[in-house]
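*Asks:* Below you'll find the structure I mean.
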Amino acid sequence: MLVKVDLKMVGGPQQNQAKARSATIQQQVSHTADMMQQLLLQQQLERDQSQMVMENIQQRHKQDMQILENTHKTRVKLLEESAAQRETRARLECEELMERLATLTRSVEQERSELQAQYHQKLAQSQQERDREVERLRDLQRKSILEMKKDHEDQLQRLKRLKDEEIDAVTSATSQT
């Protein structure tokens with residue numbers, strides 16, 4: 001803001017003073033304008049610097065967000081892979097256990113079958129031995145009965161002979177008397 005002083009109205013020494021004042025005011029105004037210009041430049045520089053810092057911060061923020069996002073994606077991928085590996089291991093372990101169970105079941109069934117066969121074989125042997133023993137006892141009983149019949153027949157024959165001898169003795173004794 002320049003103050004214009006009309007120098008025509010002011011005369012002589014006052015004119016010199018007015019000129020000096022005007023020059024001083026102009027210097028002050030020029031100095032103030034220079035300071036304002038410097039302040040404006042300084043503020044523009046600060047604004048530009050702040051703008052650059054803000055852009056730098058935004059850029060770093062964007063990079064940090066990308067790093068976080070990539071880290072998160074990597075972690076999720078690792079977790080998915082780990083879960084897939086655990087699932088695969090669990091499936092394989094389950095298949096192995098099922099195989100072992102099937103093998104054990106077959107083994108137990110085979111053993112049960114063998115035990116049943118042994119039991120049936122022993123049962124058949126026992127029945128055969130029992131049948132042989134029954135047949136042997138029947139044979140012994142038949143022989144005993146035959147012997148008893150023979151003894152009975154022999155005793156009957158002897159009794160008949162004794163009776164006949166007694167009758168002959170009585171008849172011969174009666175005929176002699």
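*Asks:* Using Cα atoms only, what is the angle between the long axis of helix 12-176 and the major principal axis of the chain, expressed in degrees (0 to 90) to the nearest 10?
*Replies:* 0 degrees
*Asks:* Select one label from [x] 18.7, 55; [y] 72.0, 237; [z] 22.4, 87: the one whose number is Rg and Dmax of the Cα atoms in Å as derived from the coordinates shown.
*Replies:* Derived directly from the coordinates: [y].
*Asks:* Separate question: Measure off 7 Å from each Cα along the Cα-to-Cβ vector at residue 108 and residue 55, then give the distance between these two points in nanometres to one decimal.
*Replies:* 7.8 nm
*Asks:* A follow-up question, please. Using a 1.4 Å probe, what is the accessible area per residue for the stretch 88-177, in Å²?
*Replies:* For the stretch 88-177, the per-residue accessible area is 97 Å².
*Asks:* For residue 30 and residue 72, what is the calculated FRET efficiency with R₀ set at 45 Å and r taken between the beta-carbons, to the nearest 0.05?
*Replies:* 0.15
*Asks:* At a 1.4 Å probe radius, carbon and sulfur cover how many percent of the accessible area of the stretch 126-177?
*Replies:* Within the stretch 126-177, the accessible surface is 52 percent carbon and sulfur.
*Asks:* Relative to the present Cα-Cα distance, how much length would full extension add between residue 65 and residue 46 at 0.36 nm per residue of separation?
*Replies:* Stretched fully, the residue 65-residue 46 segment lengthens by 4.1 nm.
*Asks:* Given a Förster distance of 35 Å, report the FRET efficiency between residue 125 and residue 151 from their Cβ-Cβ distance, rounded to the nearest 0.05. Spell out each step's value before the answer.
*Replies:* Values: r = 38 Å, r/R0 = 1.09.
Working from the Cβ atoms, E equals 0.40.
*Asks:* Which one, 39, 115, 92, is farthest towards the positive end of the dipole of the chain when Lys and Arg carry +1 and Asp and Glu -1 on their Cβ?
*Replies:* After comparing all options, I get 39.
*Asks:* With r as the distance between the Cβ atoms of residue 116 and residue 94 and R0 = 30 Å, compute the FRET efficiency 1/(1 + (r/R0)^6) and round to 0.05.
*Replies:* Working: r = 32 Å, r/R0 = 1.06.
Computed FRET efficiency for residue 94 and residue 116: 0.40.
*Asks:* Please give the length that would be gained between residue 133 and residue 164 if that part of the chain were fully extended, namely 0.36 nm times their separation in residues minus their C-alpha to C-alpha distance (nm, one decimal). Please list the in-between numbers first.
*Replies:* Numbers: separation 31, 0.36 × 31 = 11.16 nm, distance 4.52 nm.
Using 0.36 nm per residue and subtracting the Cα-Cα distance, I get 6.6 nm.
*Asks:* Going through the stretch 40-124, which trypsin sites (Lys or Arg not before Pro) have at most 11 other Cβ atoms within 10 Å and a DSSP loop state?
*Replies:* Hits after loop and neighbour filter: nothing returned.
The values are calculated or read from the model by the stated rules, or taken from the named source; none is laboratory data. Model, not experiment: these values are computed from the prediction. When we count neighbours, we look across all protein chains shown, and the Cβ atoms used for this are built from the backbone with ideal geometry, even at glycine. Just the protein is used for accessible areas: all its heavy atoms, side chains included, with ligands, DNA and RNA removed. Shrake-Rupley method; radii C 1.70, N 1.55, O 1.52, S 1.80 Å.
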